[in-house]
Amino acid sequence: MSESLLEVKGLRKYYPLNKGFFSRERGSVKAVDDISFAVSKGETFGLVGESGCGKSTTGRALLRLIEPTAGEIWFEGQELTKLSAEDMRRQRREMQIVFQDPFSSLDPRYTVQRILEEPMIVHATCDARQRKAEVERLADVVGLSRAHLQRYPHQFSGGQRQRIGIARALALHPKLIIADEPVSALDVSIQSQVINLMQDLQREFGLTYIFIAHDLSVVKHICDRVAVMYLGRIVEITDKHKLYARPQHPYTQALLSAVPEPDPDIRKERIILQGEVPSPANAPVGCAFNTRCPRVMEQCRVIRPPLMETESGHFTACHLYDGEANTPLA
Amino acid sequence: MIQPILSIENLHTHFLTDRGEVPAVDGVDLYINPGEVLGVVGESGCGKSVTSLSILKLVPSPPGRIVDGRILLKGRDIVPLKEKDMRKIRGDSVSMIFQEPMTSLNPLFTVGQQIMETVRLHRGRSRKEAREHAVGMLRKVGIPRPEAIIDEYPHQLSGGMRQRVMIAMSISCSPELLIADEPTTALDVTIQAQILELIRQLNEEQGTAVMLITHDLGVVAEMCHRVAVMYAGKVVEEGSVHDIFKNPLHPYTRGLIASVPRMDEAKERLYSIPGNVPILSTEMQGCRFAPRCPEVMELCMQSLPALTRQEEQHSCRCWLFDREQEDAV
């Protein structure tokens, strides 16, 4: 494996729960609860899970758009959580984010020209003439015409707006792009245009992506490695071929079996999970999945299973794989 | 021949907007047989939701208006019916579930009151009977502790539970036709699997016909017997689920299927349909898909092809498959 661009160790984000007006803190919502992973240069790392699993919070915490409660984020040998606000702001030149909703993440009062210039002004990377040339280059790269630059966001369709969002993220030549559900709001035919664009850009500029999504088919198409999250925790990480061919965690198995396939001849053996995801304010003791797991055992209700390497490059947090040979993930 | 539960003939629903008259539904023909699950697929703005709202005459008017066509419910045209008569149909022989169960349930009433309203209105049951019936319905859609949940308000329930309540409400008078407009789009996959299973059971056990409107081709392949593909206010292809997925004819259908990433095969690159959905207007000419079509011909820009039968059940609106046209040329 090539060297890591980003390494996350024990990341946590807890939101305090207060009851009453003057009262003290009573527990917390554990949106992200002790997760660790590493992302290599040039790869696309997927974070998948259902709503409320903490995947978006993780994405934002990596950029410190949300301050993590605990944990370390190493980016190119630098520990980000220790940086001052000003240093972190500068650091974000290297790390950009593309949001899900292209309707609310672009300022409606600005033209596209201005939206794309903004990051260069904020970081004072170049003068006005260079900026103009740079904006035109960005427009070409994402497939917008020069005429589009003088228009406002509301004049564009969803797919075009997402192109603007991607162009803006590219404006400062970042190394890492965190894409939070970038194609979820788009129609199928537009979705494939944006996915292809993202793959072309990755090849052209050697980008590293963290791709946050709930659509498992899209994740399989675009990602190299995938982490599956449930209730603020990572339950399984491996490369996509292993994950989709031989999922180990019962949650991953159920999740994959639940995806409807666009082929009427495929009749899947479906694992239908009972009940719903528990509230992260009141996560179960032991394994977070124990309330819905079809293979739950006694110890699952007591001990939280650590993420262990169950075979080469395949990490699973489940007591079913608690063999002697397994070594805990550092 | 079996009489369809519903048949729509040449339906035109237009909206009056600042930009002029928009033909959201522009000559749609569809039918649903008893016990059948018909999928209506298409992307945003193709007119699939407006078609379904037109069936129950729920299109907000103004600005919307059914300008032409017939909607035959068991042979009876409901387009001329008055609001009072429509109310007798809605929730009784035809009912509907929507995408967003939070906005389609009334936040001021308990779950029970909302389910009971339907049966009391249509079946004239007493309060006590209606309540028992409502508990039974909630149990049937798989809600745990129905005796307690019946007195809760919609905001106290999760998204999946709310959708179950919507379904309980819509089937409480045993409708012959259930219209489900993107019923699982707002839900997570594991919850989606539960809801789809429930709809399938209704169809198989009670024989309820279902019109399933969705943009998700996976859901269509899994649930439907027959499929209609819509584009820009028109049906462009219609056939059995097998025809549509294994032998798609219309270039739009083919493009749509090729655009979807799949879990069972690895594609180096996804196919993508160039361009965007057209802005609808009454002045459109030719095939609506022509500007994006990889196989566009001169004829396509000038004149609109008809929906023509290719095989027993398989129809397509494309000049490539219009045999009479070929003969004429």
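The values are calculated or read from the model by the stated rules, or taken from the named source; none is laboratory data. In this text, all values refer to a predicted model and were calculated from it rather than measured experimentally. In this analysis, Cβ positions are derived from the backbone assuming ideal geometry, glycine residues included, and neighbour counts consider all displayed protein chains. SASA here: full protein model, heavy atoms, side chains in, ligands and nucleic acids out. Shrake-Rupley method; radii C 1.70, N 1.55, O 1.52, S 1.80 Å.
Structural remarks
- 222 nm mean residue ellipticity, helices alone, for chain A (DSSP H n ≥ 4; -39,500 (n - 2.57); rounded to 500): -8500 deg cm²/dmol
- Excluding same-chain neighbours fewer than eight residues apart, the lysines reachable from B:Lys84 by a Cα-Cα span under 17 Å are B:Lys57.
- Rounded, prolate or oblate (a/c below 1.5 giving rounded, otherwise prolate when a/b exceeds b/c) for the stretch A:232-283 by Cα gyration tensor: oblate
- Projected label distance in nm at A:Tyr15 and B:Glu152, using a 7 Å step from Cα toward the beta-carbon: 2.0 nm
- Whole-Å distance, taken between Cα centres, linking the stretch B:77-109 and the stretch A:216-289: 36 Å
- Counted by Cβ distance under 12 Å from A:Gln130, the other residues give a net charge of 0, where Lys and Arg count +1 and Asp and Glu count -1.
- In terms of distances greater than 31 angstrom between alpha carbons, the cross-link table entries A:Lys242/B:Lys140; B:Lys82/B:Lys140; A:Lys55/A:Lys82 yield A:Lys242/B:Lys140; B:Lys82/B:Lys140.
- Interface between chains B and A: roughly 3700 Å² of accessible area buried, both sides summed (probe 1.4 Å, protein heavy atoms only).
- Nearest-ten-degree value, helix A:112-122 long axis tilted from longest Cα axis of chain A: 80 degrees
- Structure note, pairs A:Lys41/B:Lys246; A:Lys13/A:Lys175; A:Lys13/A:Lys41; A:Lys240/B:Lys48; B:Lys48/B:Lys88: Cα-Cα distances above 28 angstrom occur for A:Lys41/B:Lys246; A:Lys240/B:Lys48.
- Across B:Val119, B:Val67, B:Val25, mean-square fluctuation computed from a Gaussian network of chain B (C-alpha pairs under 10 Å connected) peaks at B:Val67.
- Shape of the stretch A:175-316, Cα gyration tensor, a/c cut at 1.5: prolate
- The overall shape of the protein assembly as shown is oblate: from the C-alpha gyration tensor, with semi-axes ordered a ≥ b ≥ c, the ratio a/c is 1.5 or greater and a/b is no larger than b/c.
- Over all other residues within a Cβ to Cβ distance under 15 Å of A:Arg292, the charged ones net out to +1, with Lys and Arg as +1 and Asp and Glu as -1.
- Folded to 0 to 90 degrees: helix B:189-201 orientation relative to chain B principal axis, Cα: 80 degrees
- When the helices of chain B are scored as -39500 (n - 2.57) per DSSP H run of n ≥ 4 and the total is divided over every residue, the value at 222 nm lands at -9000 deg cm²/dmol.
- Near-label residues of the stretch A:218-251 by backbone N, under 20 Å of a point 7 Å along Cα→Cβ of A:Ser312: A:224-226, A:237-248
- Proximal charge balance of A:Gln100 [Cβ under 14 Å; K/R count +1, D/E count -1]: -1
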